[in-house]
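Participant: Before we start, here is the structure in question, set down as structure tokens.
The values are calculated or read from the model by the stated rules, or taken from the named source; none is laboratory data. The shown structure was predicted, so the numbers you read here are calculated from the model rather than taken from an experiment. In this analysis, Cβ positions are derived from the backbone assuming ideal geometry, glycine residues included, and neighbour counts consider all displayed protein chains. Accessible surface areas use protein heavy atoms only, side chains included; no ligands, DNA or RNA. Shrake-Rupley method; radii C 1.70, N 1.55, O 1.52, S 1.80 Å.
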Amino acid sequence: MIQNRRRTAARILLLALAALGLQLTVPAIASADPTSSAWTKLRMCESSGRYATNTGNGYYGAYQFDLPTWRSVGGTGRPDQAAPAEQDYRALYLYRMRGWQPWQCAGLLKLTGDADARSKRVPTYAESAYIGGGDLPTPPPGPGGPKPAWPGVVYSYGDCAAPLKAFQLRMNAFGYGFTGTGCYYDKTRTAVLDLQRSNGIKDSGLLGPKTWDAAWNGKAPR
């Protein structure tokens, strides 16, 4: 009897709302592509964030496309020779066709798909414009520009400090795509070693005064 009364009351409430012209809707599940930070992590794992990378083993560009996969999403020429915006677009295109499956790094990073993964919905260039680090901090001036004073500490793997953030953001000028965590892990070590090898500094992986200076006034890492 109580349940019947509750059902009757619910029906009366719905009829009243309808009489007032109010609509009852179930919120739609919104689809959204992966965040730009997810793409940054993927690029750093695949290619150290370098769009012009040619590894010599049949994989090219920031997302390490092979040619058949690149062409399957409409790419022409070689991925590493395409503009960054074009590579971003083809990466989003591939994601919408196959999700994260084509990238081994996505599994290593534990990236998870969303409603757009394998949706087969062809993106527009406007939809992919956010991928290329649009929310990353602006890098400091180019080589030869002013640099922060050497902090007086030699940094190594596992260290976290504000000067490390300044170094990371500086390296964005060379296409590394750091978000500026201020912590020295694999990505930072790769940048340090690249910089040391390009500037004739012992490749110790330690961020000392010579490597710090080279980040602002040395040769760009190769």
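Participant: Does the range 166-174 include one or more residues that are open to solvent by less than 50 Å² (accessible area, probe 1.4 Å), in a loop (DSSP other than H, G, I, E, B) and touching a residue at least 12 places away in the same chain (Cβ under 8 Å)?
Facilitator: no
Participant: Quick check on my filter: what residues within the range 152-162 are without any contact (Cβ under 8 Å) to a residue 24 or more places away in the chain and open to solvent by 30 Å² or more (accessible area, probe 1.4 Å)? Let's see the steps before the verdict.
Facilitator: Let us first name the residues in the range 152-162 that are without any contact (Cβ under 8 Å) to a residue 24 or more places away in the chain, namely 152-153, 161-162.
Scanning the range 152-162 gives Gly152, Val153, Ala162.
Participant: Then there is this: If I ask for residues that are in contact with a Phe, Trp or Tyr (Cβ under 6 Å, 6 or more places away or on another chain) and of a type in the set (Ser, Thr, Tyr), which ones from the range 73-115 would you list?
Facilitator: Residue satisfying the conditions is Tyr89 alone.
Participant: Say we look at the range 181-200 and pick out the residues that are in a loop (DSSP other than H, G, I, E, B) and surrounded by fewer than 16 Cβ atoms within 10 Å (Cβ to Cβ); which of these is farthest from the chain's Cα centre (by Cα)? Before you say what the answer is, go through the steps one by one.
Facilitator: Pass one, the range 181-200, residues in a loop (DSSP other than H, G, I, E, B): 181-182, 184-185, 199-200.
Okay, now just the ones that are also surrounded by fewer than 16 Cβ atoms within 10 Å (Cβ to Cβ), so 181, 185, 200.
On the way: Thr181: 14, Tyr185: 16, Gly200: 30 Å.
Looking at the filtered set, the residue picked out is Gly200.
Participant: Would you please name the residue that is farthest from Asp88 (Cα to Cα), looking only at residues in the range 101-129 that are more than 15 Å from the chain's Cα centre (by Cα) and among the aliphatic types (A, V, I, L, M)?
Facilitator: My answer is Ala115.
Participant: Please find, among Ala85, Ala62, Ala91, the residue that is open to solvent by 40 Å² or more (accessible area, probe 1.4 Å) and either farther than 24 Å from Asp116 by Cβ or in contact (Cβ under 8 Å) with a residue 24 or more places away in the chain (or both).
Facilitator: Going through Ala85, Ala62, Ala91 in turn, just one is open to solvent by 40 Å² or more (accessible area, probe 1.4 Å) and either farther than 24 Å from Asp116 by Cβ or in contact (Cβ under 8 Å) with a residue 24 or more places away in the chain (or both): Ala85.
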